[in-house]
Amino acid sequence: MGNLIEIKGVRHAYRTASGPLPVLDGLELSVPEGGFVAVVGPSGCGKSTLTRLIAGLMTPDEGEVWLHGARVTSPRATVGMAFQNPVLLEWRTILKNVLLPLEIVPTKLTKKQAEERARHLLNLVGLSGFEDKRPSELSGGMRQRASLCRALIHQPEVLILDEPFGALDAFTREDLWQIMHALKAEEPFTGVLITHDLRESIFLADEVVVLSGRPARTQYVLDVAVKGARDIDHLYTPEAAEMLNVLRHQIAIAQGRELPATTRRAAQ
Amino acid sequence: MTWRGVGVPLIACAIFLAFWEWLVWVNGWPNFKMASPSDLWPAFWRFRDLFFTMGWDTLWRTVVGLLLAVAFGVFLGMIMGLSRVMRDALYPLLVGFNAIPKATVVPIIALMFVGQHDFNTILMAFMISFFPIAVSVSIGLSTLEPEYRDILRSLGASRATIFWKIALPKTLPEFFGALKVSVTLAFIGTNLMEIVSPHGRGLGALFDSGKTNSDYPLMFAVLVALAILGIILYYVVVLLEKIFAGWAERPAS
Ligand SMILES: Nc1ncnc2c1ncn2[C@@H]1O[C@H](COP(=O)(O)OP(=O)(O)OP(=O)(O)O)[C@@H](O)[C@H]1O
Ligand SMILES: [Mg+2]
């Protein structure tokens, strides 16, 4: 199986008033078709920038982003996105919000089929009965579920999630983790998840990529032993504790609070 | 329509009128110093035909001026909201223009287009009322959170699609807020011009003739008529807001 997402030697700098700000520097990332990769790294290191590059919302100064064998230079309809802010449109009902992408991308679905699909997705995330409510009538967690449905309605190849659960309380978050696995079992997407939550990363992803501090490059890749759907108990095994420990140290290194192991040894 | 919605404002009005009547009576003010509510109806009845034709003149010119202000204000707001450069270029001009007290502009316009009373009045109503609309639309558009744009842009939507589907509906609440201010302003503009123009028409002119003849009850009756027109226009806007931006109202808690 080839890699669906392939990022090679990406360099990018924002042009700011005080000169160029290098954000990504030599970033490598590949995600196999159907895979799920979590990206963690210090705050402000360039994770959201990475999602914008994959989505084709910007092009890198240097390096290449490939999606399904095609070079990404502009947005494409095969991508679905969800952010920390659910950004639902207040003047639409939940159902109409979920259907929004189908008003943009070409679709073979009839209006009726589209609506059925939307209702099916809403049901999967536990929102049946709320189709005709306005976003303001829903809780934060419910809004985030609706935004996941909207990201998936047009059957994207790639689902990009930028800290979608970051603003939710711990219980709602765990709830949504399970829902992510349920969605993944039904919808054949390839996922990229940006997160600050290490437990979330090893619970959802097959692989966790640690980015260094800004400018970010790929610092470490952790292979999560258990793939696909898993139980929340998985987080309380010695293997999980070991993975979390490794990630914690890698983040500390990325933040510059700790020296890499090799350097440490050399210093002694 | 509930008791609270209709009854309470009516009672408040009645109390206000009674207090006014009492104030005039207790001080023994004569008619030429301060009219009392009971003088208003005879004044209105005497000139009822004039009230209707003049009231209509005031109303339609205000509405036309307001419609022009909406069209121009939205256009200007869009330009400034969507382009940084245009905002930097136009904003100071706009603020400067708005800072000029419009009462000083009235005689200039009245002289510039002598005899074109309808045109002058509409122009005045327009000039005084487009500013809040332009500002609110430009702020609404320029403060659109980038994620809203990205949701559609990441699917390959064009700028026009993003504008129609997201930016425009999202600015509607701000737009209607500004429109409520503009209604009142346009009304002021119309009346300024009607009062100042020689041989003018409209309620402003009727007010002016009341002043010339020291007919205080007539002047006060005009004020009440103006207030009624203003209230009608305001609530028309409120109704439109309910229809087009009712979603912005949070459910009562
Ligand atoms: N449009 C922009 N123009 C200039 N600088 C920007 C822009 N967007 C982001 N930056 C800067 O680039 C850096 C990386 O931003 P980015 O949003 O990618 O970080 P992040 O890893 O997602 O951060 P966080 O974890 O806080 O979400 C930050 O220092 C930010 O200030
Ligand atoms: Mg971010």
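Annotations
- Close amide H contacts of A:VAL23 (hydrogens built in the peptide plane, cut-off under 5 Å, sequence separation of 5 or more or a different chain): A:HIS12, A:ALA13, A:TYR14.
- Tensor-based shape of chain B (alpha-carbon gyration tensor, a/c under 1.5 rounded, otherwise prolate or oblate): oblate
- Under the Karplus curve 6.51 cos²θ - 1.76 cosθ + 1.60, θ = phi - 60°, whole-Hz ³J(HN,Hα) for segment B:39-50, x wherever Gly or Pro sits: 7, 5, 4, x, 4, 5, 5, 4, 10, 4, 4, 4
- Karplus 3J(HN,Hα) series, Hz, for segment A:128-138 with 6.51 cos²θ - 1.76 cosθ + 1.60 (x for Gly, Pro): 5, x, 10, 4, 9, 7, 8, x, 5, 8, 10
- Along segment A:45-61 the Karplus relation, 6.51 cos²θ - 1.76 cosθ + 1.60 evaluated at θ = phi - 60°, assigns HN-Hα couplings of 7, x, 5, 5, 4, 4, 5, 5, 5, 5, 6, x, 6, 9, 10, x, 4 Hz to successive residues, with x for each Gly and Pro.
- Taking amide H atoms as placed 1.01 Å from N in the peptide plane, the amide H of A:LEU211 lies under 5 Å from those of A:VAL40, A:GLY41, A:GLN219, each 5 or more residues away in sequence or on another chain.
- Built amide H within the under 5 Å cut-off of A:GLY191, gap 5+: A:GLY35, A:PHE36, A:VAL37, A:LEU159
- Label-point separation, A:HIS249 to A:SER48 (7 Å along Cα→Cβ), nm: 3.2 nm
- Rounded accessible area of A:HIS12 (nearest 10 Å², 1.4 Å probe): 20 Å²
- Here chain A carries DSSP beta bridges of which approximately 55% are antiparallel, counting only pairs with both residues inside.
- For segment B:109-153, heavy-atom accessible area (probe 1.4 Å) falls by no less than 20 Å² from the chain alone to the full protein assembly at B:GLU147, B:TYR148, B:ASP150, B:ILE151, B:LEU152, B:ARG153.
- Shown here for segment A:109-194: trypsin sites (Lys or Arg not before Pro) in loop regions (DSSP other than H, G, I, E, B) with at most 16 other Cβ atoms within 10 Å, namely A:LYS133.
- Of all lysines in the structure, those lying under 23 Å Cα to Cα from A:LYS108, and not within fewer than 8 positions of it along the same chain, are A:LYS96, A:LYS184, B:LYS165.
- Shape category assigned to segment A:66-167 from the gyration tensor of Cα positions, a/c cut at 1.5: oblate
- Solvent-accessible area buried by B and A, counting both chains, probe 1.4 angstrom, square angstrom: 2000 Å²
- Partners of B:LYS33 within straight-line reach, counting lysines whose Cα lies under 30 Å from its Cα and excluding those fewer than 8 residues away in the same chain: B:LYS102, B:LYS211.
- Once the 1.4 Å probe is applied to the protein heavy atoms, segment A:86-155 comes out at 43 Å² accessible per residue.
- With K and R counted +1 and D and E -1, the other residues having a Cβ less than 14 Å from that of B:ARG61 yield a net charge of -2.
- Taking a sphere under 12 Å around the Cβ of B:VAL222 and counting the other residues whose Cβ falls inside, with K and R at +1 and D and E at -1, yields a net charge of -2.
The values are calculated or read from the model by the stated rules, or taken from the named source; none is laboratory data. Treat the numbers as computed from the prediction; the structure is a model and nothing was measured. Heads up, the Cβs are rebuilt from the backbone with ideal geometry, glycines too, and the neighbour counts pull from every protein chain shown. With ligands, DNA and RNA removed, areas are computed over all heavy atoms of the protein, side chains included. Shrake-Rupley method; radii C 1.70, N 1.55, O 1.52, S 1.80 Å.
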